[in-house]
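Here's the structure, in structure tokens; my notes come after.
Please treat every number below as a calculation from the coordinates, not as lab data. In this text, all values refer to a predicted model and were calculated from it rather than measured experimentally. With ideal geometry, Cβ positions are generated from the backbone for all residues, glycine too; neighbour counts draw on all protein chains shown.
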Amino acid sequence: MDNGSFWKLIDTSRQAAEGDPEQQLKELESLLDELSVDELVDFQTIFVSYFRASYTWPLWGAAYVIGGGCSDDGFDYFRGWLISRGEKVFNSALADPDTLASVIEESDEEVDCQVEGWQSVGVDAWRRKTGLDYSAFPSKPSGIQSDGPAGDEWSEEDLDRLYPRLCKRFS
């Protein structure tokens, strides 16, 4: 599996779920169940690379504005949701998190753009297929987070300036 195949699975699951972020996770699980063991390992490895890339202060600030606050776990769920929106939205948000103001749908708002379960979706499918325990997974999915978020840390006083469109929409 390559990055293009990864994003195709994400897009296919989102389209099948008709915009429902929680249903999308179920749709993706079904798609993953059709893959080989090696493809599942590749999927999870690619997911982790994007998950790590999104561990930034600027994205955490956006998640904070959108959710009216955002815990460590909430930020993990937000980054899973962000990946679920597809490659274009993901890359745009990495470059400028304020762009999320124009792509968040009503169903996303209902869950504060946080959906639990994305971090382990590939490992869960691998486990179902192999019958093995999580600890036997061939890579280190638990090493999802680095030492700390990349980029410049923000304070609440900075949010209106950093995220004018998000603040206008969610404040």
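The GNM of the chain, with springs linking C-alpha atoms under 10 angstrom apart, assigns the highest mean-square fluctuation among Trp57, Trp126, Trp118 to Trp57.
If R0 is 30 Å, what FRET efficiency do you get for Arg128 and Glu153 from their C-beta distance, rounded to 0.05? Walk me through the numbers before you get to the answer.
Numbers: r = 39 Å, r/R0 = 1.31.
Here the calculated transfer efficiency is 0.15.
Comparing Arg161, Arg14, Arg127 in a Gaussian network model of the chain (Cα springs below 10 Å), the most mobile by mean-square fluctuation is Arg161. Dividing the summed helix terms, -39500 (n - 2.57) for each DSSP H run of n ≥ 4, by the number of residues in the chain produces a 222 nm estimate of -17500 deg cm²/dmol to the nearest 500.
Taking 0.36 nm per residue of separation and subtracting the Cα-Cα distance, full extension of the segment from Ser135 to Asp38 would add 33.3 nm. Entry note, the chain: relative contact order of 33 percent, from Cα contacts under 8 Å with a spacing of 6+ residues.
Across the chain the C-alpha pair distances fall into 10 Å bins from zero in the proportions 10, 40, 34, 13, 3 percent. Separation of the stretch 72-140 and the stretch 1-68 by C-alpha centroid, Å? Between the Cα centres of the stretch 72-140 and the stretch 1-68 lies a distance of 5 Å. Between Gln44, Gln119, Gln15, the GNM of the chain built on Cα springs shorter than 10 angstrom shows Gln15 fluctuating the most.
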